[in-house]
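**Q** Before anything else, here's the structure in question.
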Amino acid sequence: SYAIIKHLGADGIREMIKHHCALATYLADRLSKETGIEIMNDVVLNQVAIACETDEKTTKVLDRIQQKAIVYPSHGVWKGRQIIRVSVINHATDCRDIDLLIDEILDANRTT
């Protein structure tokens with residue numbers, strides 16, 4: 001929004017975007033080490049497309065995460081597969097938030 005642009009300025013916006021991209025890369029790197037989880041996209045910006053072993057499992061994992069309502073990633077379709085879609089966009093998002101998201105995804109994947 002205009003208020004964020006006015007508050008941060010051009011340099012601040014650049015740093016925020018770099019930070020969001022770094023957090024998305026961190027998320028993808030951590031999750032890619034988990035058996036049964038696949039990062040579907042090349043993470044070059046702030047978007048991460050996450051899939052489980054099957055579309056059914058991906059949907060169940062996302063439903064479980066959203067029902068708990070601790071974090072709230074969205075759904076999508078990428079290259080014909082159901083995905084858990086994460087867009088790192090909030091200016092206040094930090095590594096602790098991403099670690100919480102990772103924990104919720106891993107827990108749901110392991111218990112669903």
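The values are calculated or read from the model by the stated rules, or taken from the named source; none is laboratory data. Since we're looking at a predicted model, the values are computed, not measured. As a convention, Cβ positions derive from the backbone with ideal geometry for all residues, glycine included, and neighbour counts pool all protein chains shown. The protein model used for the area step is the full one, side chains on, heavy atoms only, and it has no ligands, DNA or RNA in it. Shrake-Rupley method; radii C 1.70, N 1.55, O 1.52, S 1.80 Å.
**Q** Mind checking whether some residue in the stretch 55-66 is hydroxyl-bearing (Ser, Thr, Tyr), farther than 16 Å from THR93 by Cα and crowded, with 17+ Cβ neighbours inside 10 Å?
**A** Yes, because at least one residue in the stretch 55-66 is hydroxyl-bearing (Ser, Thr, Tyr), farther than 16 Å from THR93 by Cα and crowded, with 17+ Cβ neighbours inside 10 Å.
**Q** Select from the stretch 41-54 the residues that are more than 11 Å from the chain's Cα centre (by Cα) and open to solvent by 30 Å² or more (accessible area, probe 1.4 Å) and write down the one among them that is nearest to LEU106 (Cα to Cα).
**A** So, considering only residues that are more than 11 Å from the chain's Cα centre (by Cα) and open to solvent by 30 Å² or more (accessible area, probe 1.4 Å), the one nearest to LEU106 (Cα to Cα) is GLU53.
**Q** Pairs needed: first member in the stretch 84-112, within 12 Å of ILE65 (Cβ to Cβ); second member anywhere, open to solvent by 70 Å² or more (accessible area, probe 1.4 Å) and among the polar types (S, T, N, Q); C-beta distance under 7 Å; at least 6 residues apart or different chains.
**A** none
**Q** Something else: Do we have ARG96 as surrounded by fewer than 19 Cβ atoms within 10 Å (Cβ to Cβ), out of contact with any Leu (no Cβ under 8 Å at 6 or more places or on another chain), under 27 Å from GLY12 (Cβ atoms) and not small (Gly, Ala, Ser) here?
**A** Details: surrounded by fewer than 19 Cβ atoms within 10 Å (Cβ to Cβ): yes; out of contact with any Leu (no Cβ under 8 Å at 6 or more places or on another chain): yes; under 27 Å from GLY12 (Cβ atoms): yes; not small (Gly, Ala, Ser): yes.
Yes: the conditions hold for ARG96.
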